[in-house]
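Worksheet: the structure to be examined is printed underneath.
The values are calculated or read from the model by the stated rules, or taken from the named source; none is laboratory data. Because the structure is a prediction, the values reported are computed rather than measured. For neighbour counting, all protein chains shown are included, and Cβ atoms are generated from backbone atoms with ideal geometry for every residue, glycine included. We work out accessible area using only protein heavy atoms, side chains counted, and drop any ligands, DNA or RNA first. Shrake-Rupley method; radii C 1.70, N 1.55, O 1.52, S 1.80 Å.
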Amino acid sequence: MTSDVPSPSAPPPPDAGTLTPPTSFRKRLRFLGPSLILTGSIVGSGELIITTTLGARMGFVALWLIILSCALKVIIQEEIGRYTISSGDTSLEGANRMPGPRWIVSWVVWAWMIMTALVCIQVGGIVRGIAQALDTLFPGVGVTGWGLLISFLTVALLLSGRYGFLERTATLLVVCFTFTTIVSAVTIQWSPHAIRLDEVLEGLKFHLPAEGLAVAFAVFGITGIGTTEIFYYPNLCKEKGYARFAGPNRPDASWVKRSRGWISVMQTDAIVAMFIYTTATIAFYLLGAGVLHRMGLVPEGHEMLQTLSNMFTETFGPRALTVFLVGAFFVLYSTLFVAIASNTLMAVDCLGVFGHRHVRDPVKRVFWIRFFVVVIASLYTGAFLLFERPVAMVMVGGIAQTVMLPVIALTVVYLRYRHLDRRLWPSRWIDVLLWTCSFLIVIISSYTLIRLLPNLVKQVFG
């Protein structure tokens with residue numbers, strides 16, 4: 001007679017829902033997704049508005065900062081993704097483990113909440129940019145009318161779809177605006193604004209003039225994978241299934257093998273996306289430096305998109321205005337779409353961290369997701385109605401993210417050494433990269449906080 005109860009020495013049965021990870025690069029590509037969704041947010045307001053503004057103000061001299069911003073933070077993204085696969089924690093659950101002051105939750109969670117409140121102003125600026133594009137394409141409704149309409153439409157789309165819809169939509173938008181921008185940046189070489197090799201080489205020198213530093217460091221916080229996207233990433237990894245496919249942390253060797261396999265998929269996801277958004281970001285910067293800076297134009301206020309449109313019309317002629325406005329819509333709307341969807345998941349996660357465990361119930365979780373879609377979209381719309389300077393609005397969010405970068409970097413370092421399963425520890429060279437990137441982030445962000453934030457606040461609210 002046999003027993004259905006396994007003996008204590010027998011290996012545990014496989015977990016339901018686990019999946020053997022793909023072993024080849026080609027097969028891994030089929031499981032990409034979370035970083036492509038984030039790319040829809042990354043190559044948005046930071047690139048179209050702030051990156052081009054930096055190029056317009058400073059010319060080519062800050063090209064090195066653009067490349068550094070895109071490359072530096074991806075290691076933080078990968079390591080928080082590794083921790084999520086190891087533990088199953090969301091980003092805020094991991095942040096809540098940080099030592100230090102606590103009031104119900106960790107000080108890091110409170111810092112994230114403050115940053116998120118300031119990012120509402122940034123996304124409000126994105127809504128205003130979308131409304132400006134649509135009002136130019138289809139006049140008559142007005143900027144306010146288009147802003148309200150696009151907010152309602154986004155809420156309706158998100159309430160009707162799930163993760164798969166979000167992934168497909170973001171991927172489509174990424175392809176559209178990346179292709180359009182790169183073509184424009186290449187075509188500029190056959191225009192009067194052709195970029196010379198010596199200008200590019202000058203931009204790779206580690207030097208920044210004093211003028212435009214606030215924009216430069218807003219760029220550092222918002223281009224590449226910004227702080228908000230690093231916080232989003234674990235939740236998207238869970239929604240995509242990387243952590244679920246690995247299964248709950250177990251003592252057997254099969255879990256380690258599966259987890260390392262899905263970590264490799266996650267790393268591929270992050271690196272492929274990095275190449276996409278780095279290429280697009282450099283293209284935006286070169287257009288700003290090559291066209292707007294030479295014309296003496298800086299995007300701002302109600303004329304922001306009209307000024308930015310010169311990047312296309314000076315290359316392709318006046319008829320390219322429509323192409324630019326359609327591209328601008330894709331760029332900015334993808335950011336709005338992903339911001340609402342991702343911050344909704346973050347808000348539900350935050351409720352759980354504060355002790356509201358009922359959000360883990362599948363039925364109640366759906367209710368809270370729908371609730372926060374409406375609330376977050378309303379906050380963004382409110383910022384759009386309250387402020388009218390989209391460039392400054394986006395800069396507020398960029399500075400807030402730059403200031404928060406050292407916090408998330410130190411959090412990831414702490415989780416790696418104190419709470420990451422030793423069997424999943426990264427190689428030594430990844431540790432070196434993690435420490436190097438974290439150190440540089442702390443230095444640059446501290447400089448931003450000490451030298452630039454007071455002046456920016458005075459400029460925006462004074």
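Contact map, segment 276-296: first residue in a loop (DSSP other than H, G, I, E, B), second residue of a type in the set (Lys, Arg), Cβ cut-off under 9 Å, separation 6 or more or different chains; the map is empty.
Of all residues in segment 92-107, how many are modelled with pLDDT of 90 or more and either part of a loop (DSSP other than H, G, I, E, B) or open to solvent by less than 10 Å² (accessible area, probe 1.4 Å) (or both)? Total meeting the criteria: 11. For segment 242-262, which residues satisfy the criterion of being surrounded by 17 or more Cβ atoms within 10 Å (Cβ to Cβ) and hydroxyl-bearing (Ser, Thr, Tyr)? Answer for segment 242-262, where residues must be surrounded by 17 or more Cβ atoms within 10 Å (Cβ to Cβ) and hydroxyl-bearing (Ser, Thr, Tyr): TYR242, SER259.
Within segment 301-327, if we keep just the residues that are aliphatic (A, V, I, L, M), under 18 Å from VAL391 (Cβ atoms) and modelled with pLDDT under 80, the residue that is surrounded by the most Cβ atoms within 10 Å (Cβ to Cβ) turns out to be MET311. When segment 58-91 is filtered for residues that are in a loop (DSSP other than H, G, I, E, B) and of a type in the set (Asp, Glu), only ASP89 remains.
If the condition is being open to solvent by less than 70 Å² (accessible area, probe 1.4 Å) and more than 15 Å from GLN401 (Cβ to Cβ), then segment 108-123 contributes only VAL109. Taking the criterion of being within 18 Å of the chain's Cα centre (by Cα) and open to solvent by 10 Å² or more (accessible area, probe 1.4 Å), the residues of segment 263-283 that qualify are GLN267, THR268, ILE271, VAL272, MET274, PHE275, ILE276, THR278, THR279, ILE282. In the set (1) touching a Gly at 6+ places or on another chain (Cβ under 8 Å); (2) at pLDDT below 90; (3) buried (at least 20 other Cβ atoms within 10 Å of the Cβ), ILE66 fails one condition alone, (1). Reported count of residues in segment 333-354, each being among the hydrophobic types (A, V, I, L, M, F, W, C) and open to solvent by 10 Å² or more (accessible area, probe 1.4 Å), is 7.
When the residues of segment 168-193 are filtered to those that are farther than 20 Å from ARG294 by Cβ and surrounded by 17 or more Cβ atoms within 10 Å (Cβ to Cβ), the one that is modelled with the lowest pLDDT is ALA170.
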